Amino acid sequence: MKVQVFAALKDYFDKEFEVAGKVQDVEALRQHLLELNGAAGNMLKICRFAVDDEFVDPGYQLKENDTVCVIPPSSGG
Amino acid sequence: MNYLSESPLDVVGLLAAGHHPKAGAIVLFSGEVRDNNLGREVAYLEYEAHASMAAKLIAAIIEEAKQKWPLHIAVAQHRTGKVAVGESAVVVITASPHRSEAYAANRYIIDRVKHEVPIWKCEYFTDGTRKWGGNCNCHDITGDANQHVYEFDEVKK
């Protein structure tokens, strides 16, 4: 699947990258990202995840061709 | 309606389009870039957005505001890219028959936009450093990234 990260997460990951193999759900993806770069742990704990422009729960079942966006807390305004 | 803009917001033009014959009150909020934050000198800000999600969410927030208050006009536009000190980063305009609804709806819209819409600021300081900053940190209080503490709720209390 494809993962897209935003804002402060770009200091820890490429803006867009592929995750190969089976990732069961959003929580498993969060754990996978944590293993890729533990320094992003504090940020990953508070991020939301989105698929097809909709926020999804930690238990959301991921498919291989999903594009998952990792959304840090907002800081607009 | 463009909810995001890469170019400077036309605050005066948006206000001019905010007049309505049935509205006795227009409230315009402009969130502007300060030259300082937490004692540090700010050179400029840069905003990034998840554009498609941000546009959808702003549209939904405006729609919810229209359900709550009798608004004839409700507009919100947020900058992306580099925004200079003194420029407007976000504008919210609400027009209603009387001022109390226009104020309340305006505050509701800007609060929800700030907390919920995937837009992020990066502060660039005059000393050459930068910081992704000013995150919504409601999760520290609520324990849930989807639960926020809003100013408009504080006002109601």
- prompt: Pairs under 8 Å by beta carbon, first residue more than 14 Å from B:Ala60 (Cα to Cα) in the stretch B:103-123, partner of a type in the set (Phe, Trp, Tyr) and in a helix (DSSP H, G or I), six or more apart or different chains?
  reply: B:Ala104/B:Phe152; B:Arg107/B:Phe152
query: Among the listed residues A:Phe13, A:Phe17, which satisfies the condition of being outside any strand (DSSP E or B), more than 13 Å from chain B (Cβ to nearest Cβ), closer than 29 Å to B:Glu123 by Cα and touching a residue at least 12 places away in the same chain (Cβ under 8 Å)?
result: A:Phe13
Flag for B:Glu32 being surrounded by fewer than 17 Cβ atoms within 10 Å (Cβ to Cβ), over 28 Å from A:Asp53 (Cβ atoms), within 11 Å of chain A (Cβ to nearest Cβ) and modelled with pLDDT of 95 or more: yes
- line: Wholly inside the stretch B:70-157, strands (runs of 3 or more DSSP E) that include 3 or more residues that are within 16 Å of B:Tyr3 (Cβ to Cβ) are B:73-79, B:88-96
field: Candidates B:Val83, B:Val90, B:Val75, filtered to the one that is buried (at least 19 other Cβ atoms within 10 Å of the Cβ), in contact with a His (Cβ under 8 Å, 6 or more places away or on another chain), within 30 Å of A:Val70 (Cα to Cα) and modelled with pLDDT of 95 or more
entry: B:Val90
- prompt: List pairs: first in the stretch A:24-43 and among the small types (Gly, Ala, Ser), second surrounded by 14 or more Cβ atoms within 10 Å (Cβ to Cβ) and in a helix (DSSP H, G or I), Cβ under 7 Å, 6+ apart or cross-chain?
  reply: A:Ala40/A:Leu9; A:Ala40/A:Leu33; A:Gly41/A:Leu34
field: Verdict on B:Ser52 being out of contact with any strand residue (DSSP E or B) (no Cβ under 7 Å at 6 or more places or on another chain) and hydroxyl-bearing (Ser, Thr, Tyr)
entry: yes
- prompt: If you take the residues of the stretch B:109-131 that are within 15 Å of B:Ala43 (Cβ to Cβ) and either surrounded by fewer than 16 Cβ atoms within 10 Å (Cβ to Cβ) or of a type in the set (Phe, Trp, Tyr) (or both), which of them is farthest from the other protein chains (Cβ to nearest Cβ)?
  reply: B:Thr126
task: Tell me, please, whether a residue that is polar (S, T, N, Q), away from every other protein chain (no Cβ under 12 Å) and not in a loop (DSSP other than H, G, I, E, B) can be found in the stretch A:42-55.
output: no
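The values are calculated or read from the model by the stated rules, or taken from the named source; none is laboratory data. Only a predicted model underlies this, so the values are computations on that prediction, with no experimental measurement involved. When we count neighbours, we look across all protein chains shown, and the Cβ atoms used for this are built from the backbone with ideal geometry, even at glycine.
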